[in-house]
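The values are calculated or read from the model by the stated rules, or taken from the named source; none is laboratory data. All of these numbers come straight from a predicted model, not from anything done at the bench. Positions of Cβ are generated from backbone atoms using ideal geometry, with glycine treated the same way; all protein chains shown enter the neighbour counts.
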Amino acid sequence: MSQNEHENKITPEELDGTEEFAAGESMADSYDDEQIPMDEQPKETAADTSEADALRAEMSKYKDQMLRAMAETENVRRRAVKDREDAGKFAISGFAKDLLDFSDNFKRALDAIPEEVASQEGPVKAVLDGIGSMEKELLRVFDKHGIEKIEPEGQVFDPNFHEVMFEAPMPGAKAGQIIQVIEPGYILKGRLLRPARVGVARDEGQGDGNASGQAVDTEA
């Protein structure tokens, strides 16, 4: 056997590999032929899309409800904190109101004594000095607990803090200006305990006490 014939001769091992390769190609071709066409693959139907939209809408609704519930819970918590703080700040409001008349009586007692008697040395003056000291001490206690006295004579009437008892002409006073404090008012930590009862100047064309120039409302 010549050298060329020997080189071109195919051994059984090589023949087996060739057949196996050929068989592999045949199987791949068969697999490719059996693949499902694109137009026959499952597609998302209109019903599926509608169901997904419905689920998204329901999720959005539940999320909105959850956020609203959280906001309401926070509001309730804040109101509870404020109510607790107010309860502590204004717990003495009822007791303080009962003491206001007691404080007014000190002033009435002092005003009831004629000037000439009050200025004389003797037992009467000693009693008056004692009453005056008691009034000052009571006002000091009021101030310690956040109770502020309102004596707005000369100020412009404010229906939030004053109560009009009468109107009268007053030369030199603007309309609505307080010309007399009949009974002082009191404020507890910014909250009105009792309005100051006052008399105001009547409007007789002299202009009012408002910086804006608007008429003064004397109704509380």
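Conditions (1) within 42 Å of the chain's Cα centre (by Cα); (2) over 30 Å from Ile131 (Cβ atoms); (3) at pLDDT 85 or above, marked per residue:
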{"position": "Thr18", "(1), (2), (3)": "no, yes, no"}
{"position": "Phe21", "(1), (2), (3)": "no, yes, no"}
{"position": "Asp32", "(1), (2), (3)": "no, yes, no"}
{"position": "Met38", "(1), (2), (3)": "no, yes, no"}
{"position": "Lys43", "(1), (2), (3)": "no, yes, no"}
{"position": "Tyr62", "(1), (2), (3)": "yes, yes, yes"}
{"position": "Ala69", "(1), (2), (3)": "yes, yes, yes"}
{"position": "Arg78", "(1), (2), (3)": "yes, yes, yes"}
{"position": "Lys107", "(1), (2), (3)": "yes, no, no"}
(request) Please tell me if Val81 is out of contact with any Cys (no Cβ under 9 Å at 6 or more places or on another chain), β-branched (Val, Ile, Thr) and exposed (fewer than 13 other Cβ atoms within 10 Å of the Cβ). (result) yes
(request) Would you check which residues across segment 200-209 are surrounded by fewer than 19 Cβ atoms within 10 Å (Cβ to Cβ), touching an Asp or Glu at 6+ places or on another chain (Cβ under 9 Å) and not charged (D, E, K, R) and list them? (result) none
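Does Lys144 satisfy the criteria of being in contact with a helix residue (DSSP H, G or I) (Cβ under 9 Å, 6 or more places away or on another chain), without any contact (Cβ under 8 Å) to a residue 12 or more places away in the chain and not small (Gly, Ala, Ser)?
Working: in contact with a helix residue (DSSP H, G or I) (Cβ under 9 Å, 6 or more places away or on another chain): no; without any contact (Cβ under 8 Å) to a residue 12 or more places away in the chain: yes; not small (Gly, Ala, Ser): yes.
Criteria not met by Lys144.
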(request) Could you figure out which of (1) assigned to a helix (DSSP H, G or I); (2) of a type in the set (Gly, Ala, Ser); (3) over 33 Å from the mean Cα position of the chain (by Cα) isn't true of Ala96? (result) (3)
(message) Cβ-Cβ distance below 6 Å, separation of 6 or more or different chains: which pairs start in segment 153-175 with a residue that is basic (Lys, Arg) and end on one that is part of a loop (DSSP other than H, G, I, E, B)?
(response) Lys174/Gly207; Lys174/Gly209
(message) Looking at (1) under 21 Å from Arg191 (Cβ atoms); (2) loosely packed, with under 10 Cβ neighbours inside 10 Å, which one does Asp111 not meet, given that it meets all the others?
(response) (1)
